[in-house]
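Student: Got a structure here, written out as structure tokens. Questions coming.
The values are calculated or read from the model by the stated rules, or taken from the named source; none is laboratory data. Nothing here was measured: the structure is a model prediction, and the numbers come from that model. Cβ sites come from the backbone with ideal geometry, for glycine too, and all protein chains shown count toward neighbours.
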Amino acid sequence: MSDPVALCAEHLAAGDPDRLAAVMACPVPDRPLLFALYATNLMLAQAPWASAEPLVAEMRLQWWIDALEALAAQGRPVPHAIGPALTGLPGAAIAGLLTAAEARRADCHRTPFTDAARLWDYLDATSGAICAAAGACLGAGSTAALHGMGTASGLANWLIAQPDLAARGRLTLAGARPADLAALAREGLTRLDAAEAALRAAPVGARLAALGGWQARGGCCAGLRRRPSGSGPGGCAARNSRVGSDCCGRGWHCEAAQEKGHKRPSRLSESSKVPVTFQKVPRGTASYCPPGR
């Protein structure tokens with residue numbers, strides 16, 4: 001497709017359907033910048049996995065870093081099919097992408113995180129930075145709360161991706177036992193609760209930016225090997241199990257969209273001109289491992 005924004009949406013449909021669902025829950029005028037942000041984040045996430053050779057993987061990632069730095073410093077368009085969609089990104093959003101890109105150098109190597117603190121730093125610099133960048137795209141503040149929401153969401157994805165990550169020997173936590181992963185999941189839920197509490201009083205734009213983490217609670221609960229609260233028949237978790245459902249996980253997320261007069265579509269294709277076809281990929285692989293994400 002020639003439209004770069006539509007191409008961004010296509011990339012998300014194929015590689016990051018959770019964030020595509022989040023964008024489609026936002027009012028139409030807010031979507032182009034979010035499509036561009038999340039599609040670029042997907043490119044950054046995929047780059048380190050394009051080769052098993054760390055040097056080649058870093059070269060691919062460095063290309064994006066150089067292109068984003070040139071966009072930020074000189075306004076030079078990114079020479080990529082989605083590049084024209086990135087020209088409207090605010091400086092803070094580009095800075096967030098660069099923070100995430102630098103942190104993703106860890107994705108290129110097989111060096112495990114030495115402790116939980118290092119893992120949390122990585123999650124804050126990747127998922128946390130992207131969530132805050134989404135807030136910048138929507139003109140919202142609440143940077144600390146959005147970082148917290150994004151970091152908790154990143155942990156949820158990391159927990160879900162553990163089987164694939166362990167098989168590939170990348171982004172693992174040194175010496176982690178099931179009890180350690182459960183402890184991380186509990187801390188993730190604590191951080192998620194704090195972020196949600198702060199965002200309840202935040203501007204609508206900040207709450208819309210947090211929609212990217214709409215599956216975070218379910219992912220953290222999966223890390224505890226228990227069903228989330230309300231996950232019985234017809235409960236929230238049951239509806240969250242498919243992308244594009246009417247439930248986004250927490251009521252205040254939906255309220256944020258409703259305050260702008262936008263009704264969350266029951267099917268993503270209802271309000272999109274982009275043909276949406278989802279491929280079945282393991283949840284959590286968008287940021288951490290191939291294929292697809």
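Student: Which of (1) of a type outside the set (F, W, Y); (2) surrounded by 19 or more Cβ atoms within 10 Å (Cβ to Cβ); (3) over 15 Å from F35 (Cβ atoms) does A116 not meet, given it meets every other one?
Tutor: With (1) of a type outside the set (F, W, Y); (2) surrounded by 19 or more Cβ atoms within 10 Å (Cβ to Cβ); (3) over 15 Å from F35 (Cβ atoms) applied to A116, the lone miss is (2).
Student: Give me a count of the residues in segment 182-197 that are surrounded by fewer than 17 Cβ atoms within 10 Å (Cβ to Cβ) and either more than 19 Å from the chain's Cα centre (by Cα) or under 13 Å from W120 (Cβ atoms) (or both). If you could, list the steps in order and put the result at the bottom.
Tutor: Residues of segment 182-197 surrounded by fewer than 17 Cβ atoms within 10 Å (Cβ to Cβ): 182-183, 186-187, 190, 193-194, 197.
Checking the rest, the ones that are also either more than 19 Å from the chain's Cα centre (by Cα) or under 13 Å from W120 (Cβ atoms) (or both) come to 182-183, 186-187, 190, 197.
Total satisfying the criteria: 6.
Student: Just the residues that are among the small types (G, A, S) and assigned to a loop (DSSP other than H, G, I, E, B), please, taken from segment 138-164.
Tutor: Here is the first cut: in segment 138-164, the ones among the small types (G, A, S) are 139-142, 144-145, 148, 150, 152-154, 156, 161.
Within segment 138-164, G139, A140, G141, S142, A161 qualify.
Student: Any residue in segment 103-116 that is within 18 Å of S127 (Cα to Cα) sitting within a Cβ distance under 8 Å of a residue that is among the aromatic types (F, W, Y) and assigned to a loop (DSSP other than H, G, I, E, B)? List the pairs, counting only those 6 or more apart or interchain.
Tutor: Within 8 Å, the pairs are D107/Y288.
Student: What number of residues within segment 160-185 are in contact with a Cys (Cβ under 7 Å, 6 or more places away or on another chain) and of a type in the set (A, V, I, L, M, F, W, C)?
Tutor: Qualifying residue count, segment 160-185: 3.
Student: Turning to a different aspect of this structure: Which of the residues belonging to segment 70-85 are touching a residue at least 60 places away in the same chain (Cβ under 8 Å) and either in a loop (DSSP other than H, G, I, E, B) or crowded, with 20+ Cβ neighbours inside 10 Å (or both)? Talk me through it step by step, then tell me what you get.
Tutor: Just the residues of segment 70-85 that are touching a residue at least 60 places away in the same chain (Cβ under 8 Å), to begin with: 81-85.
Hits for segment 70-85 are A81, I82, A85.
Student: Let me ask something else. Please work out which one of (1) at positive phi; (2) part of a helix (DSSP H, G or I); (3) small (G, A, S) is the condition A125 fails and give its number.
Tutor: (1)
Student: Sticking with this structure for a sec: Out of all the residues in segment 211-226, is one or more in contact with a helix residue (DSSP H, G or I) (Cβ under 9 Å, 6 or more places away or on another chain), crowded, with 20+ Cβ neighbours inside 10 Å, modelled with pLDDT of 95 or more and aromatic (F, W, Y)?
Tutor: So far as segment 211-226 goes, no, none of its residues is in contact with a helix residue (DSSP H, G or I) (Cβ under 9 Å, 6 or more places away or on another chain), crowded, with 20+ Cβ neighbours inside 10 Å, modelled with pLDDT of 95 or more and aromatic (F, W, Y).
Student: A further question follows. Kindly provide the set of residues from segment 1-35 that are without any contact (Cβ under 8 Å) to a residue 60 or more places away in the chain and within 13 Å of I130 (Cα to Cα), ordered by number.
Tutor: Once the filter is applied, which keeps residues that are without any contact (Cβ under 8 Å) to a residue 60 or more places away in the chain and within 13 Å of I130 (Cα to Cα), segment 1-35 yields only F35.
Student: Sticking with this structure for a sec: Do we find a residue being of a type in the set (G, A, S) and closer than 25 Å to D3 by Cα anywhere in segment 50-66? Outline the logic, then answer.
Tutor: Within segment 50-66, the subset of a type in the set (G, A, S) is 50-52, 57.
Checking the rest, the ones that are also closer than 25 Å to D3 by Cα come to none.
No, because not a single residue in segment 50-66 is of a type in the set (G, A, S) and closer than 25 Å to D3 by Cα.
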